[in-house]
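Below is one structure, written out as structure tokens; the observations come after it.
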Amino acid sequence: MNYYFLLFGVILISLFLIIFWIYSEKNLNGKFNKQINYFSFPLAILGLYCVFRLNLDFGYILVSLTLASLLFWALGKMLKLNKLVKESKSFFFILGFITIFRSFLYEPFQIPSESMIPGLEVGDFVLVNKFQYGFKNPIGNRTLIDNKKPTNGDVIVFTPPHTSCSSEAEDSYPEGSFKAVTDRHLKTWKNLNKDCSNLGLKYVKRVIASPGDSLEIKGKEIYVNQKKIFKENIESNLTESFFLEKSNQKEYLIRNSNVRELEFFQTWSIPEGYYFVVGDNRDNSLDSRSWGLVPEERITGKAQVIWLHWPSYGSLPSFSRNKIIK
């Protein structure tokens, strides 16, 4: 199905209904307003469905809707339609608040995979602190005002270059960063890039190396600036082991599989403006070990708190996992 065509149709029908609503209110004393409202609700649901299917940046949608409500507010003033003024004014303030909150403060994000187990599980809804690393443009992700930088141990939400169709492998493997980049690594990156989208897909991982760091991965052990990251075994069984890991004065749990062996042997020098990230579920995570570094401009923010857990539509949402993310 062509969701762009469907979304375009939804927009055209919505504009027609709005114009018809204005005509009904101004010339027919609102005779058809109730029927128009009945049509509008499923149309809005269909529009949101298209937005999610197309992976469109919700920031664009919010800004567009906010400006549209402002436009109709002004139109209501011009046409002296008090009901249109009242409705559009209320929508403008509500949408404006949501846009400001989501763009500059916190953005919701749902954990899509098992790569961050045990700290984050599939179905966890987290709030991403967007002002932690600077204030960003609500349209796109460009930083307007710098703040702090990500540090080792932070859990971040970002868009890796390989998920964006406009990216090249050099965006993930800047010159001099990876000491043993081969055609095999570039082939892997290009294969992953085949499933790209215009805006890319957001991931959540943990930073383990920052600009200026040297990094060595020897099997399941990680060395940052020639120092081995501390790990303490907490629990083990036939299938898995859990470790308490410490990085940059942060403590968190990681999981290693005792069945699946993923051995990496890599040496990196992290250049300015880039970060190396891994999943806490170390043997079941597609991360920097497979597709390279994360450019700073692609970081959305810091994953700070779990506020809801809803693993599937067939289950009820709960607040049992609400907690600050370590």
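Taking the condition of being farther than 23 Å from SER288 by Cβ and surrounded by 11 or more Cβ atoms within 10 Å (Cβ to Cβ), how many residues in segment 145-156 meet it?
1
Quick one: in segment 23-76, which of the residues that are among the charged types (D, E, K, R) and under 26 Å from THR159 (Cα atoms) is surrounded by the most Cβ atoms within 10 Å (Cβ to Cβ)?
ASP57
Can you confirm whether THR300 is at pLDDT below 95, part of a strand (DSSP E or B), under 17 Å from LYS148 (Cβ atoms) and not basic (Lys, Arg)?
In short, yes.
Given (1) buried (at least 21 other Cβ atoms within 10 Å of the Cβ); (2) in contact with a Lys or Arg (Cβ under 8 Å, 6 or more places away or on another chain); (3) of a type in the set (Gly, Ala, Ser), where does ALA169 come up short, assuming only one miss?
(1)
Per-residue answers, yes or no, for (1) in contact with a strand residue (DSSP E or B) (Cβ under 7 Å, 6 or more places away or on another chain); (2) farther than 21 Å from VAL207 by Cβ; (3) part of a loop (DSSP other than H, G, I, E, B):
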site	(1), (2), (3)
GLU107	yes, no, no
SER113	no, no, yes
PHE125	yes, yes, no
PHE135	yes, no, no
LYS149	no, no, yes
ASN152	yes, no, yes
ASP195	no, yes, yes
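Evaluate the following for TYR252: is it under 23 Å from GLN304 (Cβ atoms) and out of contact with any Ser or Thr (no Cβ under 9 Å at 6 or more places or on another chain)?
So TYR252 passes the test.
Residue by residue, here is whether (1) surrounded by fewer than 16 Cβ atoms within 10 Å (Cβ to Cβ); (2) free of Cβ contacts under 8 Å to residues at least 40 places away in the same chain; (3) not charged (D, E, K, R) holds:
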{"residue": "ASP183", "(1), (2), (3)": "yes, yes, no"}
{"residue": "SER197", "(1), (2), (3)": "yes, no, yes"}
{"residue": "LYS202", "(1), (2), (3)": "no, no, no"}
{"residue": "LYS205", "(1), (2), (3)": "no, no, no"}
{"residue": "LEU215", "(1), (2), (3)": "no, no, yes"}
{"residue": "GLN226", "(1), (2), (3)": "yes, yes, yes"}
{"residue": "LYS231", "(1), (2), (3)": "no, yes, no"}
{"residue": "ILE234", "(1), (2), (3)": "yes, yes, yes"}
{"residue": "ASN248", "(1), (2), (3)": "yes, no, yes"}
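Among the residues of segment 173-185, are any within 20 Å of GLU296 (Cα to Cα) and under 16 Å from the mean Cα position of the chain (by Cα)?
no
Just need a number here: residues in segment 58-109 that are touching a residue at least 60 places away in the same chain (Cβ under 8 Å) and farther than 25 Å from ASN137 by Cα.
Residues flagged as touching a residue at least 60 places away in the same chain (Cβ under 8 Å) and farther than 25 Å from ASN137 by Cα within segment 58-109 amount to 1.
Would you check which residues across segment 55-98 are under 30 Å from ASN2 (Cβ atoms) and among the β-branched types (Val, Ile, Thr) and list them?
ILE61, VAL63, THR66, ILE98
The values are calculated or read from the model by the stated rules, or taken from the named source; none is laboratory data. Please read all numbers here as calculations on a predicted model, not as lab measurements. Every residue, glycine as well, gets a Cβ built from its backbone with ideal geometry; the counts of neighbours run over all protein chains shown.
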